[in-house]
Structures are given as C-alpha cells and as structure tokens.
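Everything below concerns the one structure shown next.
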Amino acid sequence: MNEALVVLGRSLIAFSTLLVFTRMLGKQQLSQLTYFDYILGITIGSIASSLSVDLSSRAWPHWVALFTWFAIVALLQWSSIRWKTADRFFSGQPVIVIMKGKIMEQNMKTIHYTISDLLEHLRNKDVFDISKVEFAVLETNGNLSVLLKPEYQPATLKDLQIKPSPGGISTEVIYSGVVVEANLHKAGVNLQWLQKQLQEQGISHPEEVFLATYNRDSGVLSIDKYQDK
Amino acid sequence: MKKVIYYSLVLLLMAVSLFIMNGFHYLARPHGAADNVPVHITALKTSLEQNSWDEAEQHYQALSTAWHKIKPRIQFSVEKDEMNSIDLSLARLGISIRAQDQIRAAIELSEIEVHWKDLSH
C-alpha cells in the first residue's frame, strides 16, 4: 500500500468536495462571519483534513461527516433567510453598547464585552475619545458600528457646498505588460490611442508597463512601469 | 451552455469521488483466477482440513499473489489498518503452513477471512 498515493487521492477528494460545498454555501466574506459560522468553518476544515490524512479509517465516513456538516450549515442559512426569528437565534442580535453618549454597562455585561474591548474597537474606528460617540453598536460579526456626535462628524462636500468632480472606476488597460483590448473597447478607446499615450510618456512598448489603468470619466491614464526610477 | 458544463463537471467530480470511496465491491471483483481472494481462501481451508500441506502451500502462494494484485486497486476505498492486518496474518499463515501447524494456520486463515469481509463494510 502506497500511503503517499492514498493521501494524494484522498486529499484531491477532500479538496474538490470542500471547493464544491463552499461554493454552494455562498459568498459570505470572512469579516461577515459570526462567531458560530467561524466555529462551523473550523469544524468542517478539521473533518476535511481527517478525510485527507487519517488512513486508519475509510474515506467514506469522513465524507459523510463533511456532507452532514455542510447540510446543517446550508439548512441554517436557508432558515435564517426565511425566518427572522431563526436568524436572530442562530446569529444573535446587534447590541447597543453606547446610546446617546452613555455606556450601556448592563448590555455589555450580558455579552461579556469589556470596556477595554470597547476602547480597542473605538480606536480601530479612529475614535480616541469616547465622549465623541453618540451611538455604538456591536454587530453580530463582532464589528463595532460607531455614530459620532454631530459636532464631531466629518464635513462632507455637500456641507461645504463644493461640487464634486466625476470619480468613476478605472479599468486595467495594460496588465503585466499585456494590453487588455477588451477593457480598451469598454473604456471607449483603442490601441492606437494607447500607443500614442505611451509614446508621449516615453514608453516605446506596452511590455515595459507593469500596470496601466484608464478612468473614462476623468480621462486620466495612470501608468506604472516595471523600471521605477 | 457554460452553466451546463460547470454543473456537469461538478457532478462528474462528485461521482468519481463517491466511486473511489465506495467502489470496493467493484474494484475487488476478480478479473480471473489469479486475483480471486475468496476462492483461494476456500481452497486453502479445504487443504488445511485435509492436512494436505503441499496443496496448502500452493494455495497459500496463490492467495498471497491474489491479495497483492487486489491491494493497489482497493487501497483508496478501505482502511489501512485492515490491509495491514491481512498482510500480517498472511505472513503468519505462511510460517504456520511451512511448520505444518494446522491449528495456527486455521486461526490465521479465519482472521484473513474476517478482515477480508470487514474491508467491504
């Protein structure tokens, strides 16, 4: 029995199964995961690793365990989407930790959230003075949402009555020295235009460019060459 | 069309994985007399009961060959410990036959039989 070969085969099964199952579970970002989702993820990962390397038992029972956990998670997701009560039960609820500038000690005690945790989260939000906070809510994914008191909120262009210039999204027109013609067409320009722009900046060939992006709204072509002076 | 190809690939991947994990009965199916483990176990049992040691040695060799032919085919679907147990019992069975120890040989052979049945569960 060639152990390495068996591990290779079982690893491929574990990998492909995880790939399919995680794709089916959706595109929830890691930062959006609740603590429970996180634990579920670790458990599923642990089962997949057993499927891969635990040769003392057959691969099939591990695969069944993997499928069962996947089915449970899928069921939780499905019920959370359908019923608000289920969502509240499985994911928990956001908790207000600061309301109208007052710290909600009782709420913090209930969720085992310390004052150091609160101050740390506030610092992460660039708030170093707790007296500036009007509301703070601890979300189910562990993030703190902060609303500053009106006098400390940053001024917007509207407040300053300044007309914003168009922003828009820039697209890559040269990527690792290769011209992305599809993006050129989408941006409403062509290869001749790009070559002219490159020549104006002293670049004779697109291969000299690491990344070039073009913003259609502002008309700005931004170029980064391989050779940085 | 892309969706059909995508889902077909996923289904194919899952089907291949499930077959590899559960294909013992198909993969252990003998392709001839040379890799028929159950037949050689039965023949060896008869030889031991008849104290026919030359015949037992021949059947032992045939059983050993059959097992080593089957092993690479089923290694992805079974427990490694069960396969190791068969290897050990087979080695002890060989010594018992050469020593013409009927009881010991019968014990080892019945152990191999049990492990062989366990492989399929």
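The modelled label-to-label distance between residue B:73 and residue A:128, using points 7 Å beyond Cα along the C-beta direction, is 7.4 nm.
Taken along the Cα-to-beta-carbon direction at a fixed 7 Å, the label points for residue A:185 and residue A:208 span 2.9 nm.
With r as the distance between the Cβ atoms of residue B:91 and residue A:152 and R0 = 51 Å, compute the FRET efficiency 1/(1 + (r/R0)^6) and round to 0.05.
Working: r = 80 Å, r/R0 = 1.58.
Taking R0 as 51 Å, the efficiency between residue A:152 and residue B:91 is 0.05.
Relative to the longest principal axis of the Cα atoms of chain B, the long axis of helix B:53-74 lies at roughly 10 degrees.
What number comes out for accessible area per residue over the stretch B:2-119 if the probe is 1.4 Å? Units Å², please.
I get 55 Å² per residue for the stretch B:2-119.
Among the helices of chain A, those built from whole DSSP H runs whose Cα atoms reach 20 Å or more along their own axis and whose mean Kyte-Doolittle hydropathy is at least -0.5 are A:3-25, A:35-53, A:59-82.
Report, as a whole number in µm² per second, the diffusion coefficient that Stokes-Einstein gives for chain A at 4 °C and 1.567 mPa s using the Kirkwood radius over alpha carbon pairs. In µm²/s, the coefficient is 55.
Nearest 100 Å² is fine: how much accessible area is buried between B and A, summed over both sides, with a 1.4 Å probe? That pair hides around 1800 Å² of surface in total.
By accessible area, using a 1.4 Å probe on protein heavy atoms only, the protein assembly as shown has 59% of its surface on carbon and sulfur.
Across the stretch A:3-89, the convex hull enclosing all Cα atoms gives 91 Å³ per residue.
Dipole magnitude for chain A: about 700 debye, using +1 per Lys or Arg Cβ and -1 per Asp or Glu Cβ, origin at the Cα centre. Computed on the Cα atoms alone, the convex hull of the stretch B:1-105 gives a volume of 92 cubic angstrom per residue. For chain A, the tally of Lys pairs with Cα-Cα distances below 15 Å comes to 6, considering only residues 8 or more apart or on different chains.
Compute the accessible area per residue over the stretch A:95-152, keeping the other protein chains in place, probe 1.4 Å, unit Å².
66
Using the alpha-carbon atoms, what tilt in degrees (0 to 90, nearest 10) does helix B:37-49 show relative to the longest principal axis of chain B? Helix B:37-49 sits roughly 10 degrees off the main axis of chain B.
The values are calculated or read from the model by the stated rules, or taken from the named source; none is laboratory data. Note that the structure is a prediction, hence the values are computed from the model and not measured. No Cβ is skipped: glycine too gets one built from the backbone with ideal geometry, and neighbour counts run over all protein chains shown. Surface areas here come from the heavy atoms of the whole protein model, side chains and all, with no ligands, DNA or RNA. Shrake-Rupley method; radii C 1.70, N 1.55, O 1.52, S 1.80 Å.
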